[in-house]
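Here's the structure we're looking at; comments come further down.
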Amino acid sequence: MQDDGSMIRSVLIVGGGTAGWMTAAALAHAAPRHCRITLVESDEIGTVGVGEATIPPIRLFNETLGINEADFLRETRGSFKLGIEFVDWGRVGHRYFHPFGSFGKPFDLLPVHQHWLAARRRGATVPLDDLSMAWGAASRNRFAHPIADARHVASTFDYAYHFDAGLYAQFLRRYAEQRGVARIEGKVAGVALDGESGRVASVTLADARVLEADLFIDCSGFRGLLIEGALATGYQDWRHWLPCDRAVAVPSTNVGPLTPYTRSTARAAGWQWRIPLQHRTGNGYVYCSDDLTDDAAAEALLSSLDGAPLADPRTLRFTTGRRRLFWNRNVVAIGLSSGFMEPLESTSIHLIQAGISKLLALFPTRDFDPLLIDEYNRIAITEFERIRDFLILHYKLTQREDSRIWRYCAAMGVPDTLALKIEHFRRSGRLISREMDLFGDASWLAVHVGQLNLPTDCDPLLSYMADIDASSAFVNRLARAIGDVATAMPEHSAMLARLTGG
């Protein structure tokens, strides 16, 4: 396209970390050559750096940039992730697995879980988890890449990664700088607005340098220097549904086998994560400050580690929710500056990726057409709200009564969009999808069943089947096939060593 003077000539990314360097790398890969991309960050300002677990779309991001998987795993000390094990969420002593991929493959018009429900009514004891190829491998600490043949059960799972977010940012920085992104070291001290349009015109650094641009990307974290500090966009607080507002994090030494999954364990005032990397294990306790002091949270986390701590615990404060607008005037907020979802389902890095994808799909000219901005915000708000509902599901579906937070969550009202989904599944096991649901049917099924929201009835179509006992036979065959395939897979650590040369 010929430049008629309206094209974006310069982009300034304010802030580094995972959000800043993912944005810089993607823009360097996709933006026209005449567009100058600059990132300003200060080594004096730390990054949150707890987003070490991801979901499968991260693979598309890396593949789009042409990043080799083995190089990525080697440089970020990463491991594979097949899903999340949830411990003590539905009730103390109970656990389940949220797998990446499906629960088997349907053999007729009905979903697999409807046959599982029918078999269960007839006394079958096969757990739903055993119908997941991802859990079959994860429970045995094994990993292999999915195969392409859709007829085979080994094609029915997906995977993501655990990795060191700081190392990933460094990896992407090298990628971006090799493709022309300029990095400026400096701390933003002021923001100037254009008197006529109200858009951001420039930022001023602490050493008085002035940086101008057409388009500004706010990756400044919770502070939201541009989107909130300069433009006063506003924030929607969701703590009445997701009451945790603190996290304390600490790395520890690896102990035992390198598990290809994240673990989330419910605690008295929130929940604890465990994320295994090649060189260490990431740990954190997400909690409600109304129920636990920061010192007590740190003590509880340190006392429950598998291995020895490698650093002092670090406390983070946050408010779960979102900006009222993600794109305001000529500023797009990406990462924590746009909002915060607690890391229960590893969505923080995905939301960075989603913001970048929308920006590229709706990339503006210098007139900043409101139609583009409105569409970006509509999609972003919907994405955030769908993820919000899925996170709330974990808290709402609990039978725990041992502490205030769990009693509150079990009794609290939920958004109508979520209440409808819960009721549909409770009545007949139906999974209702909505526009831009990030998590598919298998994810919702895993949490519903895993947290004991079992249907009172099955899909009526089951009543028309000539041989209802076929459901039990199908479930048993599927569980055996998954077990056989998983047992033949290589160990997770061996697969990593083979790929990375470690």
Two pseudo-spin positions, 7 Å from Cα along C-beta at Ser428 and at Ser463, lie apart in nanometres by 1.0 nm
Relative to the longest principal Cα axis of the chain, at what angle does helix 370-396 sit, 0 to 90 degrees, rounded to 10? 40 degrees
Semi-axes of the chain from the Cα gyration tensor (sqrt of 5 times each eigenvalue, largest first, whole Å) come to 40, 24, 24
Output ³J(HN,Hα) for the range 76-85: one whole-Hz value per residue in order, computed from phi by the Karplus curve 6.51 cos²θ - 1.76 cosθ + 1.60 with θ = phi - 60°, and x for Gly and Pro. 9, 6, x, 9, 8, 10, 9, x, 10, 8
Compute the accessible area per residue over the range 398-502, keeping the other protein chains in place, probe 1.4 Å, unit Å². 49 Å²
Taking placed amide H atoms and a strict 5 Å upper bound, the residues 5 or more places from Tyr235 or on another chain that come that close are Arg324
Per residue of the range 269-285, what does 6.51 cos²θ - 1.76 cosθ + 1.60 with θ = phi - 60° give for ³J(HN,Hα)? Whole Hz please, x for Gly and Pro, Karplus curve as stated. 10, x, 7, 10, 9, 9, 10, x, 10, 4, 9, 6, 10, x, 9, x, 10
What is the set of long-range amide H partners of Ser202 at a cut-off below 5 Å, with H atoms built 1.01 Å from backbone N? Ala192
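Viscosity 0.692 mPa s, temperature 37 °C: what is the translational diffusion coefficient of the range 322-431 from Stokes-Einstein with a Kirkwood Rh over Cα pairs, rounded to a whole number of µm²/s?
Values: Rh = 15.9 Å.
Answer from the Stokes-Einstein relation: 206 µm²/s.
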Note to self: C-alpha centroids of the range 73-107 and the range 231-249 sit apart, in Å, by 26 Å
Note down the Stokes-Einstein diffusion coefficient of the range 292-365 in µm²/s, whole number, using a Kirkwood radius over alpha carbon pairs, 4 °C, and 1.567 mPa s. 85 µm²/s
How far is it, in nm, from the label point at Asp43 to the one at Ala70 when both lie 7 Å from their Cα along the line to the Cβ? 3.3 nm
Potential extension, Asn254-Arg324 segment - 0.36 nm per residue separation minus Cα distance: 21.1 nm
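Provide the FRET efficiency to the nearest 0.05 for the Ser289-Thr417 pair, computing r from the beta carbons and using R0 = 41 Å. List each step's numbers first, then the result.
On the way: r = 28 Å, r/R0 = 0.68.
About 0.90, to the nearest 0.05.
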Residues with amide H under 5 Å from that of Tyr261, placed H, sequence gap 5 or more: Leu82
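For the range 131-276, which whole percent of the accessible surface, found with a 1.4 angstrom probe, sits on carbon and sulfur atoms?
50 percent
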From Cα pairs below 8 angstrom and at least 6 apart in sequence, can you work out the relative contact order of the range 68-175, rounded to a whole percent? 38 percent
Quick one: net charge of Pro127's neighbours, Cβ under 12 Å, K/R +1, D/E -1? 0
Please give the Cα centre distance for the range 270-346 versus the range 430-480, rounded to the nearest Å. 33 Å
Residue by residue through the range 119-136, which ³J(HN,Hα) values in whole Hz follow from phi under the Karplus form 6.51 cos²θ - 1.76 cosθ + 1.60 (θ = phi - 60°), with glycine and proline marked x? 5, 5, 5, 9, x, 5, 10, 5, x, 4, 3, 6, 9, 10, 5, 4, 6, x
With a probe of 1.4 Å, find how much accessible area the range 336-392 has per residue, and write the answer as a whole number in Å². 31 Å²
As a test question: what accessible area, to the nearest 10 Å², does Leu292 have when a 1.4 Å probe is rolled over all protein chains in place? 40 Å²
Could you bin all the Cα-Cα distances of the range 357-492 into 10 Å bins starting at 0 and give me the percent of pairs in each, rounded to whole numbers? 9, 26, 25, 24, 12, 4, 0
Heavy-atom accessible area of Lys105, protein chains in place, probe 1.4 angstrom, given in Å² to nearest 10, is 90 Å²
Per-peptide average of other Cβ atoms within 10 Å, ordering 369-382, 438-451, 332-345 highest first: 332-345, 438-451, 369-382
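What relative contact order, as a whole-number percentage, does the chain give when Cα pairs under 8 Å and 6 or more residues apart are counted?
Numbers: 959 pairs, mean separation 112.3, N = 502.
Once normalised by length, the contact order is 22 percent.
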Going 7 Å from the Cα of Phe107 in the Cα-to-Cβ direction, what parts of the range 137-164 have a backbone nitrogen less than 17 Å from that spot? 151-156
Compute log10 of I(q)/I(0) for the range 17-130 with the Debye formula, placing one identical point scatterer on every Cα and leaving out solvent, at q = 0.19, 0.21, 0.23 Å⁻¹, to two decimals. -1.15, -1.28, -1.38
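So with the 1.4 Å probe, I'd like the accessible area per residue for the range 88-204, rounded to whole Å².
It amounts to 45 Å² per residue over the range 88-204.
Normalised by the number of residues in the range 420-502, what is the relative contact order in percent for Cα pairs under 8 Å and 6+ residues apart?
Values: 39 pairs, mean separation 20.7, N = 83.
With pairs under 8 Å counted, the relative contact order is 25 percent.
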Nearby lysines by direct alpha-carbon distance to Lys421 (threshold 25 angstrom, same-chain neighbours under 8 apart not counted): Lys105, Lys396
Under a straight-distance cross-link criterion of Cα-Cα below 13 Å, which aspartates and glutamates are reachable from Lys358, leaving out those fewer than 8 residues away in the same chain? Asp374, Glu375, Glu383
Per-residue accessible area for Thr125 at 1.4 Å probe radius, Å² rounded to 10? 120 Å²
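Taking square-rooted eigenvalues a ≥ b ≥ c of the alpha carbon gyration tensor, is the range 354-410 rounded, prolate or oblate, where a/c under 1.5 means rounded and, failing that, a/b exceeding b/c means prolate? It would help to have the intermediate numbers written out before the result.
On the way: a/c = 5.40, a/b = 4.36, b/c = 1.24.
It is prolate, given that a/c is not under 1.5 and a/b is the larger ratio.
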Set of the range 21-38 residues, backbone N closer than 11 Å to the point 7 Å along the Cα-Cβ line of Arg9: 35-36
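Report the full-extension gain for the segment Arg122 to Ala268: residue separation times 0.36 nm, less the Cα-Cα distance, to one decimal in nm.
Numbers: separation 146, 0.36 × 146 = 52.56 nm, distance 3.62 nm.
Residue separation times 0.36 nm, minus the Cα-Cα distance, leaves 48.9 nm.
The values are calculated or read from the model by the stated rules, or taken from the named source; none is laboratory data. Please read all numbers here as calculations on a predicted model, not as lab measurements. Note: ideal-geometry Cβ built from the backbone for every residue, glycine included; neighbour counts use all protein chains shown. The accessibility values were calculated without ligands, DNA or RNA, using every heavy atom of the protein model including side chains. Shrake-Rupley method; radii C 1.70, N 1.55, O 1.52, S 1.80 Å.
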